[in-house]
Every structure is written in C-alpha cells, then in structure tokens.
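Q: Structure provided below as structure tokens; questions to follow.
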Amino acid sequence: MIILDDIIIREYDIDGFKYQPDKEGMFATFDIETSLLDIPGEEYPQGVMYIWQFCIGNGKWRDIYIGRTWEDFKYLVSEIADLYHYGGKYNLLPCYVHNLGYEFQWLRSIFTISDMFAVKTRVPVRFTADDAISFRCSYRLSNMGLAKLCKQENAEHGKRTGYDYTKKRYPDTVLTDDELLYCVDDVLGLHESICSLVSFACGLLKSLRG
C-alpha cells in the first residue's frame, strides 16, 4: 500500500482486493500507460503496457488499485465478480474508460468479449468482459477530453501535465511518486467526474418529476 498526496494506492498483487459492503451505485474507472518499443525485425514499434490503474467506488468511498501485468488485472476482475456476485446481462460492474478503443486492443485478448456496440471496427462504445464487467467509453459519453471533463465537473483531481512520454518504461520499471500520481489522477479524476454527471442527471430527473 502506498500513500501519495493523501491518496491510498493499493498494489493489487501485494495488497489484494479490499471488499466494501456498500455496493449501491458502485462503478469503476480504468486506464493504462504504455510505451512504444522498437522490436528487431518488426516494421512498426510495439506497445507494451507497464501499469494499469483501477478506481472503484460509489462517491461515498473510493479505492484505487494499480498493477503491472494483465494477469493481475484479469484476476482482480474475477475476484470482484466473485465477491459481489456479478454476472448476467443486467448484473454487471460498470467501468468507464476514456477512449475505450485504445484499451480494447489489449482487453480483447485478455477477456471473453460479448454484447459489444461499436461505431466502427475495433472502436467500441461498450462491451461486456467475462460476463462480469461492462466497459464503457466515457469519451463517447462526454464528447470531450479528460482534462476538460474534469475541469467542467469540478473534479478534485484531474489530468496532470508534464509527463514524459518519451521515456521507455516496462512492467518492472520503478516509477517515481510524481509518475504514480499522474497515472492515478487519471482514473480518480474520471471517477469524480462520472459521479458529478450522475448526480446532475439524478437531480434533473427529480426536478422534471416535480
């Protein structure tokens, strides 16, 4: 467990998943960071995921998990599904990803994909993974970049600047505190923004009903 900027970050392979009994309104946000590597014999650089970030909660509570391998993320999803009894078309954990089409290039080889709606080939708006989690594109929902969305919704955390994308990082690269906070704030700010959007929608619906 790491504490940065008053944010508790759990390393999944070390800390495991922390069960929270308050499931009502629970949803997640997810993001990855990647490096482009030149592979001998390959015409184009290949992307490698070196860290994933996962924020889960309902606004009353939030937990953040990071991991360095796809195996750990797949196991995390499986553990959440077992603990909260997710499964079936109408009992899935919503998980928002900003620009889902990018992460989909990896997720489609990690999970069993079903019930996908896409605007074009391999550019999904939503899909179900392993009959447990419903991945949804928050960019398509908001039609704006993450930084603008966080600012509009007055999220406490937002997309940070100054991250060096030219630096080559690997799953075993030790990240600095600033690098970790950059990664974490993406999913934390998105989670706060989605909570704000849901709260606004619920308030609007209540006012329309009188």
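The values are calculated or read from the model by the stated rules, or taken from the named source; none is laboratory data. Because the structure is predicted, anything quoted here is derived from the model rather than measured. For neighbour counting, all protein chains shown are included, and Cβ atoms are generated from backbone atoms with ideal geometry for every residue, glycine included. Just the protein is used for accessible areas: all its heavy atoms, side chains included, with ligands, DNA and RNA removed. Shrake-Rupley method; radii C 1.70, N 1.55, O 1.52, S 1.80 Å.
Q: Is there any pair linking a residue in region 15-31 that is open to solvent by 30 Å² or more (accessible area, probe 1.4 Å) to one that is assigned to a helix (DSSP H, G or I), with Cβ under 8 Å and at least six apart or on different chains, and which?
A: Sorted first by the residue in region 15-31, then by its partner, the pairs are Tyr19/Leu83; Lys23/Tyr84; Gly25/Val198.
Q: Please indicate, with yes or no, whether at least one residue in region 47-66 is at pLDDT 90 or above, open to solvent by 30 Å² or more (accessible area, probe 1.4 Å), part of a strand (DSSP E or B) and in contact with a Cys (Cβ under 9 Å, 6 or more places away or on another chain).
A: There is at least one residue in region 47-66 that is at pLDDT 90 or above, open to solvent by 30 Å² or more (accessible area, probe 1.4 Å), part of a strand (DSSP E or B) and in contact with a Cys (Cβ under 9 Å, 6 or more places away or on another chain).
Q: Select from region 67-85 the residues that are assigned to a helix (DSSP H, G or I) and under 14 Å from Glu33 (Cβ atoms) and write down the one among them that is least open to solvent (accessible area, probe 1.4 Å).
A: Among residues in region 67-85 that are assigned to a helix (DSSP H, G or I) and under 14 Å from Glu33 (Cβ atoms), the one least open to solvent (accessible area, probe 1.4 Å) is Phe73.
Q: Please work out which residue is modelled with the lowest pLDDT, limiting yourself to region 1-46 and to residues that are polar (S, T, N, Q) and in contact with a strand residue (DSSP E or B) (Cβ under 6 Å, 6 or more places away or on another chain).
A: The selected residue is Gln46.
Q: One residue is enough: does region 178-196 have a residue meeting the conditions at pLDDT below 95 and open to solvent by 80 Å² or more (accessible area, probe 1.4 Å)?
A: yes
Q: Quick test of your reading of the structure: Ile133 fulfils all but one of (1) in contact with a helix residue (DSSP H, G or I) (Cβ under 6 Å, 6 or more places away or on another chain); (2) free of Cβ contacts under 8 Å to residues at least 60 places away in the same chain; (3) under 22 Å from Met26 (Cα atoms). Name the failing condition by number.
A: Of the numbered conditions (1) in contact with a helix residue (DSSP H, G or I) (Cβ under 6 Å, 6 or more places away or on another chain); (2) free of Cβ contacts under 8 Å to residues at least 60 places away in the same chain; (3) under 22 Å from Met26 (Cα atoms), the odd one out for Ile133 is (2).
Quick grid of which residues meet (1) among the hydrophobic types (A, V, I, L, M, F, W, C); (2) out of contact with any Leu (no Cβ under 9 Å at 6 or more places or on another chain); (3) outside any strand (DSSP E or B); (4) open to solvent by 50 Å² or more (accessible area, probe 1.4 Å):
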site	(1), (2), (3), (4)
Tyr139	no, no, yes, yes
Ala155	yes, no, yes, no
Tyr163	no, yes, yes, no
Thr166	no, yes, yes, yes
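Q: Just need a number here: residues in region 87-112 that are open to solvent by less than 90 Å² (accessible area, probe 1.4 Å), closer than 13 Å to Ala129 by Cβ and in a loop (DSSP other than H, G, I, E, B).
A: 3
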